[in-house]
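Inspection log for the structure reproduced underneath, given as structure tokens.
The values are calculated or read from the model by the stated rules, or taken from the named source; none is laboratory data. The structure displayed is predicted, hence computed values, not measured ones. Cβ placement follows ideal geometry from the backbone for every residue including glycine, while neighbour counts extend to all protein chains displayed.
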Amino acid sequence: MTTQALVTSSVAQSTSLDAPAFALELTPFGRLVLTNAQGQRFEGVVPVRAFPIQAPDEGLSIVDTDGHEVAWVAHWGQLPPPAQELLRQELARREFMPMIARIVSVSSFSTPCTWKVKTDRGDCEFVLRGDEDIRRVGTDNTLLIADAHGIQYLVPDQLALDTHSKKILDRFL
């Protein structure tokens, strides 16, 4: 049985003039396939956001299994809804960035230390290796905190946190 025969009906073809000229499909094995305007098929493509935090709806690269870009989408609005849905599902499977809603406690104000936090994905503990693992993103109040295992935690707006959480963060910033 060929891959072509395994393709589901989830095909999204771009039709507007400024839209990227490619079709997306999903195989029953969950692999994303891109067919470009020249008819070349790229199986197992992966969407990668150019600016996942600051501009998540702008700049999306679709790369092949070797990491080479096979398509570029300047803005999500260029894509028809079925293609948007396929790409969003694929990104949701790949991206894991819990958002910190509250900092419950820290084991110490010197690093390394263990943080207990409440996130949008539940309660969590992680080890902060050093102050440099807390980074400001852009010009707003967004922070990115990396734990000892490389997992990134997002604080979308540090000023929106409760007073206790802000006091803890102030000691590290």
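Structural remarks
- Some residue of the range 42-62 being among the acidic types (Asp, Glu) and over 29 Å from Gln158 (Cα atoms): yes
- Residue pairs whose Cβ atoms lie under 6 Å apart, sitting 6 or more positions apart in sequence or on different chains, and linking a residue in the range 37-57 that is over 16 Å from Val137 (Cβ atoms) to a partner that is assigned to a loop (DSSP other than H, G, I, E, B) and modelled with pLDDT of 90 or more, are Phe42/Asp64; Val45/Asp64.
- Here Gly150 qualifies as of a type outside the set (D, E, K, R) and under 16 Å from Phe96 (Cβ atoms).
- Taking the criterion of being in a strand (DSSP E or B), on the phi < 0 side of the Ramachandran plot and not β-branched (Val, Ile, Thr), the residues of the range 108-124 that qualify are Cys113, Trp115, Lys116, Lys118, Asp123, Cys124.
- Within the range 18-57, if we keep just the residues that are part of a loop (DSSP other than H, G, I, E, B) and among the acidic types (Asp, Glu), the residue that is modelled with the highest pLDDT turns out to be Asp57.
- Of all residues in the range 136-159 being of a type in the set (Gly, Ala, Ser) and under 17 Å from Thr111 (Cβ atoms), the one that is surrounded by the most Cβ atoms within 10 Å (Cβ to Cβ): Ala146
- Some residue of the range 125-137 being among the charged types (D, E, K, R), part of a loop (DSSP other than H, G, I, E, B), outside the structural domain of Pro20 (by TED's automatic domain parsing) and within 29 Å of Leu60 (Cβ to Cβ): no
- Members of the range 62-85 that are part of a strand (DSSP E or B) and surrounded by fewer than 15 Cβ atoms within 10 Å (Cβ to Cβ): Glu69, Trp72, Ala74, His75
- The lone exception for Val104 - which of (1) under 16 Å from the mean Cα position of the chain (by Cα); (2) touching a residue at least 12 places away in the same chain (Cβ under 8 Å) it fails: (1)
- Options Gly59, Gly77: the member that is in the same structural domain as Glu43 (by TED's automatic domain parsing), out of contact with any Cys (no Cβ under 8 Å at 6 or more places or on another chain) and at positive phi: Gly59
- Among the residues of the range 145-173, those that are within 17 Å of the chain's Cα centre (by Cα) and either part of a helix (DSSP H, G or I) or among the small types (Gly, Ala, Ser) (or both) comprise Ala146, Gly150.
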